[in-house]
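The values are calculated or read from the model by the stated rules, or taken from the named source; none is laboratory data. Quick caveat, the model's predicted, so the values are computed rather than measured. Reconstructed Cβ throughout: ideal geometry from the backbone, glycine too, with neighbour counts over all protein chains shown.
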Amino acid sequence: MDSARAVTRAVTDFAAEYLPDAEHVCVGLSGGPDSLALTAAAVRAGLRVTALVVDHGLQANSADVASTAAATARALGAAAVILPVRVGRDGGLEAAARAARYSALDAARDGSPVLLGHTMDDQAETVLLGLARGSGARSIAGMRTWTPPWGRPLLGVRRTQTAAMCAELGLTPYADPHNRDPRFTRVRVRTDVLPLLDDVLNGGVVEALARTAASLRADNDALDGLAADLGAGAVVDAGLEIAVLAEAPAAVRTRVIRRWLLDVGATEPTTRVITAVDDLVTRWHGQGAVAIGGDDTARREVVRTAGLLTLRTTLRR
Ligand SMILES: Nc1ncnc2c1ncn2[C@@H]1O[C@H](COP(=O)(O)OP(=O)(O)OP(=O)(O)O)[C@@H](O)[C@H]1O
């Protein structure tokens, strides 16, 4: 029962640190080994647990998978709710399924935190993929343990441990064929790239990548703090003062710009938009504008005028 004990300990430690007052938690349960082990561990940790099982309706057997997962959760001593969702096609199937899943979990959680079964292996895959794609520090920093209402108690746990816990408890997790389908980049990273890299470097690669993520998160947090201080002094009449911004290093400037864009109502700004707005600060003299989207009725731009970045909304005819 070594793995069951280790995984349960991870959940107990997580709950003590982040949810000292919570008696009820939800668990996002796909039926796979990670979230099944998480559900069992949360019950064993003494929490009152409701397993939320999202049925994306994308595979012929999805309703059976969901009801088996829910039944297993009930047998473990948790309550279980199945949430059928309709998945659109916006931004690709995987992204649409993820968006539908998170919004269903959020709608069903009823004020409770939701624990997710991401493991150290997921973290390592995210870091490696981010590095290979030239992503910024924010995405290479990987997932956080606690971004309310989402908790990830298993980020320090290996996937081998969740599988072993399921075996120890006699649980049969669902083996999602997607998780073995080599057409998915992440699957190739998991099955081909990481094992090879681990072999070449004599082991420890997953742990090392997770350490990289953790140290980047610490650096990011420090830069976020500096940016918050600078941003507080740079906002004038809902605009951003260029002179204050221009003195700061790029990592701080771009953070102030991102925060300000969010505050003035931009949806999650892309790196391209942030870089273009930053160019208004560092390269433009006089006037300039960057489109930041909008909708059918209005066009939105960031404009540089008289030492200030401001948001301009123009109604479309
Ligand atoms: N259909 C689902 N219903 C509820 N929660 C889900 C669902 N799919 C994923 N999740 C949650 O998100 C986490 C990460 O999802 P991901 O797709 O990476 O995992 P997975 O392949 O389903 O593996 P596992 O179930 O073993 O965690 C899961 O551990 C689970 O907590």
Which residue is surrounded by the most Cβ atoms within 10 Å (Cβ to Cβ), if the candidates are limited to the range 242-256 and must be hydrophobic (A, V, I, L, M, F, W, C) and either without any contact (Cβ under 8 Å) to a residue 40 or more places away in the chain or under 15 Å from residue 229 (Cβ atoms) (or both)?
256
Every residue from the range 108-160 that is small (Gly, Ala, Ser) and over 30 Å from residue 84 (Cβ atoms):
124, 130, 132, 134, 135, 136, 137, 139, 141, 142, 156
I'd like to check something: does the range 27-38 contain any residue that is part of a strand (DSSP E or B), hydrophobic (A, V, I, L, M, F, W, C) and either buried (at least 21 other Cβ atoms within 10 Å of the Cβ) or not assigned by the TED database to the domain that holds residue 119 (or both)?
yes
Any residue at all in the range 105-124 that's among the β-branched types (Val, Ile, Thr), away from the ligand (no atom under 14 Å from the Cβ) and farther than 22 Å from residue 175 by Cα?
no
Could you tell me whether the range 135-155 includes any residue that is surrounded by 20 or more Cβ atoms within 10 Å (Cβ to Cβ) and assigned to a helix (DSSP H, G or I)?
yes
Are any residues in the range 50-69 more than 20 Å from residue 170 (Cα to Cα) and within 15 Å of the ligand (Cβ to nearest atom), and if so, which ones?
50, 52, 53, 54, 55, 56, 57, 58, 59, 61, 62, 63
Just name the residue that is nearest to residue 99 (Cα to Cα) out of those in the range 44-78 that are of a type in the set (Val, Ile, Thr) and part of a helix (DSSP H, G or I).
65
Looking at this structure, is residue 42 within 19 Å of the chain's Cα centre (by Cα), under 21 Å from residue 147 (Cα atoms) and more than 9 Å from the ligand (Cβ to nearest atom)?
no
Please go through the range 120-147 and pick out each residue that is over 18 Å from residue 271 (Cβ atoms) and basic (Lys, Arg).
144
For the structure I just gave you, tell me whether residue 73 is within 24 Å of the chain's Cα centre (by Cα), free of Cβ contacts under 8 Å to residues at least 60 places away in the same chain and within 11 Å of the ligand (Cβ to nearest atom).
no
Looking only at the range 103-134, which residues are touching a residue at least 40 places away in the same chain (Cβ under 8 Å), in a helix (DSSP H, G or I) and of a type in the set (Gly, Ala, Ser)?
104, 108, 124
Out of all the residues in the range 131-186, which are at pLDDT below 95, within 12 Å of the ligand (Cβ to nearest atom) and of a type in the set (D, E, K, R)?
176, 180, 181, 186
If you take the residues in the range 215-233 that are in contact (Cβ under 8 Å) with a residue 24 or more places away in the chain and of a type in the set (A, V, I, L, M), which one is surrounded by the fewest Cβ atoms within 10 Å (Cβ to Cβ)?
228
